[in-house]
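Each value in this text was obtained by applying a stated rule to the coordinates, not by laboratory testing. What you see is a predicted model, and the numbers here were worked out from it, not measured in a lab. Don't worry about glycine lacking a Cβ; one is built from the backbone with ideal geometry, like all the others, and counts go over all protein chains shown.
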Amino acid sequence: MTKKRFIVFLTTVTTILVLALQACVHESFVDPISGVCDPDSVYYEKDIQPILTTYCVTGCHDEVTAEKGVVLTSYNRLKATTELRGGEPFHSDVYEVIVDSDEEDRMPFNRPALSNENIALVRKWIEQGALHNTCDFDTISVSCGGSQVSYKQEISPILQASGCVGCHGAGSVILSTYEGVATVAANGRLLGAVTHDPAFLPMPQGGAKVDSCNIENIKAWINQGALNN
Ligand code: HEC
């Protein structure tokens with residue numbers, strides 16, 4: 001290697017290393033903005049990641065498969081592997097592909113389109129800035145099965161965070177509305193499914209069992225009359 005070539009080589013290697021390092025540092029520094037859940041806001045960790053996890057990640061956009069280089073396992077990966085522009089859903093890949101009118105291009109690939117409700121959530125989240133935001137939805141249930149379990153504060157967020165709503169926006173079991181949840185609360189299917197009672201289908205389908213604290217909350221809420229509180 002000539003001296004000149006060596007310098008070029010060295011510069012290239014250094015540049016690559018610096019870029020790689022910046023990428024890592026940058027990624028690990030984006031912390032979610034948290035606070036009390038505001039019903040008018042859409043939150044990445046509470047609302048958007050569960051949709052991606054349910055419909056997009058496994059087998060297509062996980063770290064290993066990474067179809068078209070797109071990985072949807074976290075906000076940082078979404079941001080790094082797709083174009084995402086706060087305020088501009090039609091310049092954000094994740095929105096464009098779920099509303100594509102050409103079925104061959106629309107995502108989830110080869111599957112039914114996302115529900116209008118999920119599409120609206122993604123759109124609203126981007127319109128609100130496409131932030132890496134979250135709210136205190138996962139710390140709500142520090143006390144398990146309290147004497148006044150709230151549908152709005154606890155049960156609905158648990159179903160959201162467990163990916164239930166993603167699959168059950170329509171069909172025989174609806175978990176996106178109070179009425180739908182109250183129906184399966186009353187006929188025993190909700191508790192049967194989340195406790196993995198062998199008489200019922202174990203839920204969430206293909207996902208990790210709801211943690212015991214949240215199962216206690218669901219149980220307590222049902223016992224307290226499954227109110228729309
Ligand atoms: C990946 C998709 C998916 C996810 C996630 C999912 N379900 Fe289901 N669930 C299904 C399918 C499919 C069925 C069977 C068909 C039907 O009844 O809609 C089902 C059935 C059920 C039933 C009826 C069970 C029975 O034996 O009668 C209940 C209740 C239920 N799910 C609740 C939940 C809850 C609660 C969660 C979240 C903890 C959840 N599901 C997550 C797909 C899913």
Task: Sequence-distant residues sharing a close amide H with Asn133 (under 5 Å, placed H) - done: Ile33, Tyr44, Glu45
Task: Rotationally averaged projected area of the stretch 142-223 (alpha carbon convex hull; nm²) - done: 5.0
Open item on the list: Bin width 10 Å, origin at 0, all Cα-Cα pairs of the stretch 44-127: what percent of pairs per bin?
Closed with: 18, 58, 23, 0
Open item on the list: Filter Lys79/Lys124; Lys124/Lys219; Lys68/Lys209; Lys79/Lys152; Lys68/Lys124; Lys46/Lys152 down to the pairs with a C-alpha to C-alpha distance above 21 Å, please.
Closed with: Lys124/Lys219; Lys68/Lys209; Lys79/Lys152; Lys68/Lys124
Task: Highest-first arrangement of 95-107, 156-168, 180-192, where packing means the average Cβ count within 10 Å - done: 156-168, 180-192, 95-107
Open item on the list: Can you give the Rg/Rh ratio of the stretch 89-229, where Rg is from the C-alpha atoms and Rh is the Kirkwood radius?
Closed with: 1.01
